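Taking it in order: structure first as structure tokens, then the write-up.
No value in this document is a laboratory result; all are computed from the given coordinates. Note that the structure is a prediction, hence the values are computed from the model and not measured. Please note: Cβ atoms are built from the backbone with ideal geometry, for glycine as well, and neighbour counts cover all protein chains shown.
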Ligand SMILES: [Zn+2]
């Protein structure tokens, strides 16, 4: 879908976003040149709220942050009064599965929730094309970090094949190689060697035939779902602690994806309370069908046991997450929105609420959702904090997420691809009927 927005429409949509109770106002409307005044900045590179700041954004870059007295702007920036509002970096969802259809809706739901980076964890050539369309401005959406088509246990690869796989994926522009499962430990080690040679990182599950110890010994770059640590805990708490220490040493990232697992303990009634369901009406009957199938195949006692198992698993994973974080391991954020009643974009906050419940501070959670993603990508100089010279992928919130992480739901506007998208504008994009592919 190509976005053609006239200046008048832009202005109308922006004014629509500024209801009388809100503080933003427009004095002029010019793309990629914005002057925000009186806003509180959550810079992320430091745990301080910077009050009454003036922020100048031009050409998709943060040009200035300060009290405004020494500021000389160029051009005619669009003026925004940010009184009572908060500016912070856009969020990164680091484990998404792009849908085969209604991709526009998926991207816009992410923007609506302040997400300006997504990592596609089952990538293919169509995702590279999508990334290109977004970068060239044909589509509005978050930036895409893209994994290559995943490796699985049925693939019997020799070293030469692995080498040419990496050569091709690197050339095609993939950012990492995902492992779902693997034939054996030797194949995993060959993949690791090729990963180092070609400078294309590996990420994915902890295959049972590799195990967390071997995975960390090979400097795995990012691990999904915490499954290997859960297995380590089964062995002993001391072994888990050792694996956590190794994680820190090897600078391995972990993406917990707690929300996906947590869902299993809830009734349909509880799930229907989740946010964002109005955007995906056709998915609800499909989700219900899945749940009914599960109900038909199990006894009430089995379902009760499943609920108890889920609670236990979540409590153990929450403990592991907290330990990893306290010891200094890097955490990436994602709900892995593929389960029933998981609405893309919206369930990122569900995931973050679980990190809070695990005992992590709001500032540290915000850092995981922004700064850590930039570090992971090796682009810490480009994004992940509000600092002069960085890309202006930012969000404006009506409430302070440092006080309550749930205030991340109050996204008022998103800066992406050099333009300001007020909430109403994103909502109007979502209302547009997009053809299903
Ligand atoms: Zn996944």
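Before moving on, here are some points about what is shown:
- Per principal axis, descending, Cα span of segment 92-244 in whole Å: 49, 38, 24
- Largest-first principal axis extents of the Cα set of segment 243-386 (Å): 50, 34, 22
- Between helix 185-198 and the chain: long-axis angle, C-alpha atoms, 0 to 90°, nearest 10: 30
- Alpha-carbon Rg with Dmax, taken over the chain, Å: 22.2, 70
- Nearest-ten-degree value, helix 346-357 long axis tilted from longest Cα axis of the chain: 70
- Bridges between two residues of segment 115-260, per DSSP, are antiparallel at a rate of about 0%.
- Across the chain, Cα pairs under 8 Å and at least six residues apart give a relative contact order of 21 percent.
- Of the peptides 104-114, 421-431, the order by per-residue mean of other Cβ atoms within 10 Å, starting with the highest, comes out as 104-114, 421-431.
- Helical contribution to [θ] at 222 nm, DSSP H n ≥ 4, -39,500 (n - 2.57), averaged over the chain, rounded to 500: -12000 deg cm²/dmol
- Springs between Cα atoms under 10 Å define the GNM used for the chain, and in it the highest mean-square fluctuation of 169, 355, 34 occurs at 169.
- Taken over segment 150-377, the percentage of Cα pairs per 5 Å bin, counting from 0 up to the bin with the maximum distance, is 1, 6, 13, 16, 16, 16, 14, 10, 6, 2, 0.
- Fewest-first ranking of 126, 147, using other Cβ atoms within 10 Å as the exposure measure: 126, 147
- Average silhouette area of segment 320-437, convex hull of alpha-carbon atoms, in square nanometres: 9.3
- For segment 161-260, the spherically averaged projection of the C-alpha convex hull amounts to 6.6 nm².
- Annotation for segment 320-375 versus segment 255-305: alpha-carbon center distance of 21 Å.
- Looking at the chain, the DSSP beta bridges with both ends there are about 45 percent antiparallel.
- Site pair residue 430 and residue 154 shows an inter-label distance of 3.7 nm when each label is modelled 7 Å from Cα along Cα→Cβ.
- For segment 284-389, averaging the sequence separation of C-alpha pairs within contact (under 8 Å, six or more residues apart) and dividing by the residue count gives a relative contact order of 22 percent.
- Ellipsoid semi-axes in whole angstrom, largest first, where each is sqrt(5λ) of the Cα gyration tensor of segment 29-112: 29, 17, 11
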